[in-house]
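For reference, the structure discussed in these notes is given below.
The values are calculated or read from the model by the stated rules, or taken from the named source; none is laboratory data. Small disclaimer: the values here were computed from a predicted structure and weren't measured. With ideal geometry, Cβ positions are generated from the backbone for all residues, glycine too; neighbour counts draw on all protein chains shown. All accessible areas refer to the heavy atoms of the entire protein, side chains included, with ligands and DNA or RNA removed. Shrake-Rupley method; radii C 1.70, N 1.55, O 1.52, S 1.80 Å.
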Amino acid sequence: LAVNCLITFRSSDYWKRLMGGGQAAVEKEDAAQKKLWESLLKKYLIVYLLATLSDWLQGPYVYALYSDYKYSQHDIAVLFVAGFGSSMVFGSFVGGMADWGGRRLFVVVFSLIYAASCVTKHFKDFRILMLGRLLGGIATSLLFSVFEAWMIRAHADAGLKQYIGRSFSWAVFCNSIVAISAGLVANEAAESFPMTAIKEDVLYMGGYLNPFDIALVALVICGLAVMSMWEENYGESGETTKQQGSPQWYDGLRSAFVTTIRSTDIFLCGIISSLFEGSMYIFVFMWTPALREDKEDLPFGLIFSTFMVSCMAGSSLFSVLIEHMKGEKLAVYIFAFAAASMGCVAMSNSQITKFIAMLCFEATVGMYWPVMGTLKGAIVPESKRAAIYNLYRIPLNFIVLFSLLTDLTPTQSFSLNCTMLSVAALLQFILMNRRQKHGLMESSESAGADEASVSLLTSQEKKDDDHDVV
């Protein structure tokens with residue numbers, strides 16, 4: 001916690017004011033622009049953090065609730081697989097629809113869908129719970145695409161592209177605080193009064209359902225907040241598409257797929273993000289059995305809070321490091337350090353060493369979100385942003401399903417993580433060299449490639465390939 005406080009202070013404007021050469025840098029910032037950015041950031045964070053609060057409240061109690069309903073291990077596994085499968089299949093189409101239907105509108109859709117998913121948890125009926133998992137999968141896809149797409153476009157429209165990295169860093173930092181707070185609130189709520197049947201074997205309330213009810217309230221407030229605080233924005237071709245005629249539900253996904261396949265940079269960015277985020281999911285599933293020895297009781301709540309503090313420190317560290325190197329280069333170091341951390345967890349026999357390595361990995365997670373958000377903001381074309389972000393989640397969900405459906409030991413799981421993160425570091429190095437070669441690293445603070453720049457880069461790639469053949 002002390003290290004986190006020091007890094008956060010180092011990344012703040014207060015540090016710059018204390019240092020002799022930093023005062024001029026702070027004063028150089030346009031006061032009006034900074035005020036506009038702070039207003040935009042506040043609007044974004046209020047809505048985004050309400051959404052993530054609802055997600056953090058539910059996460060720890062999904063399995064516990066199904067177990068309380070006396071479902072077997074196999075039935076619970078089926079429900080979890082259905083959720084990730086839904087995110088992979090249905091979420092991909094819904095994300096594409098958000099680009100031409102409006103990102104603010106689909107945040108409202110997210111709130112409604114996720115709220116409905118919370119309601120289904122009150123029913124001890126496998127079919128209704130399955131419906132809830134399907135709805136939850138769609139909502140998760142929207143949570144990890146539409147919010148970010150809206151924020152990047154809002155920055156671009158306001159002429160605040162240079163603030164995108166800082167906005168991502170603030171979002172990660174505040175989200176970690178929300179995660180810790182949600183864990184404490186959910187724990188108190190779950191223990192406040194036991195689960196009781198309103199209608200025996202059909203409808204229940206209380207116990208592990210209380211966190212879902214609090215999440216439901218947060219989602220209602222989220223939906224109301226986004227309607228009153230956010231302006232609507234689209235992909236650059238969204239309004240044009242609607243004027244030309246009624247778009248098909250699959251148009252966004254098809255267009256995003258073609259764009260991703262044709263652009264090496266967009267494709268590499270997607271594979272890299274899937275590998276890192278896949279390793280995060282495996283880490284979430286396996287850190288408990290990796291730390292537990294001989295069924296020893298551990299303070300899991302305290303450990304989780306420590307992970308979140310490390311994540312906060314990582315997001316603050318990003319703000320410091322990004323002042324001294326380009327995001328593409330920083331990402332290479334982040335992925336390499338994350339791979340080394342997972343390697344330590346896999347090979348070490350010491351629980352203390354494993355725990356320290358896990359804290360280091362969580363710090364890289366805190367750095368990953370802002371650096372990857374900035375890179376995707378520069379590489380992915382605005383017109384297809386939400387669709388491509390959801391397309392990126394397809395290989396991610398394959399990785400998650402693989403980890404759920406195979407019986408890997410903790411050592412095997414963390415070895416797999418080390419391998420995936422090493423590949424991610426290698427691919428990021430290739431991506432960095434490509435962008436440096438084409439003179440695009442200087443634009444890493446921009447808020448999205450347009451269609452012309454993507455087409456130009458694709459054409460240049462073809463010329464390079466022809467030259468290599470000759």
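Would you check if A154 is of a type in the set (A, V, I, L, M, F, W, C), open to solvent by less than 10 Å² (accessible area, probe 1.4 Å) and in a helix (DSSP H, G or I)?
no
Please work out which residue is surrounded by the most Cβ atoms within 10 Å (Cβ to Cβ), limiting yourself to region 102-132 and to residues that are charged (D, E, K, R) and touching a residue at least 40 places away in the same chain (Cβ under 8 Å).
My answer is R103.
Okay, residues lined up against (1) part of a helix (DSSP H, G or I); (2) out of contact with any Cys (no Cβ under 7 Å at 6 or more places or on another chain); (3) modelled with pLDDT under 90; (4) among the hydroxyl-bearing types (S, T, Y):
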{"position": "Q162", "(1), (2), (3), (4)": "yes, yes, yes, no"}
{"position": "R166", "(1), (2), (3), (4)": "yes, yes, yes, no"}
{"position": "N175", "(1), (2), (3), (4)": "yes, yes, no, no"}
{"position": "N187", "(1), (2), (3), (4)": "yes, yes, yes, no"}
{"position": "Y204", "(1), (2), (3), (4)": "no, yes, no, yes"}
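Give just the number: which of (1) within 22 Å of R393 (Cα to Cα); (2) outside any helix (DSSP H, G or I) does P370 not satisfy?
Only one criterion is unmet by P370, namely (2).
Which residues, counting only those in region 263-276, are within 14 Å of the chain's Cα centre (by Cα) and open to solvent by 20 Å² or more (accessible area, probe 1.4 Å)?
Across region 263-276, the qualifying residue is only L275.
Please go through (1) open to solvent by less than 30 Å² (accessible area, probe 1.4 Å); (2) touching a Ser or Thr at 6+ places or on another chain (Cβ under 8 Å) for V146 and return the number of the only condition it doesn't satisfy.
(2)
Do you know which of the residues in region 338-358 that are without any contact (Cβ under 8 Å) to a residue 40 or more places away in the chain and over 23 Å from A424 (Cα atoms) is surrounded by the fewest Cβ atoms within 10 Å (Cβ to Cβ)?
Only one residue tops the list, namely N349.
Output the qualifying pairs, or none if there are none: Cβ atoms under 6 angstrom, residues six or more apart or on different chains, first residue in region 377-393 and over 16 Å from N233 (Cβ atoms), second residue charged (D, E, K, R).
I379/D265
At pLDDT 90 or above, out of contact with any Gly (no Cβ under 9 Å at 6 or more places or on another chain) and within 22 Å of T288 (Cβ to Cβ), is that true of L359?
Spelling it out, L359 is indeed at pLDDT 90 or above, out of contact with any Gly (no Cβ under 9 Å at 6 or more places or on another chain) and within 22 Å of T288 (Cβ to Cβ).
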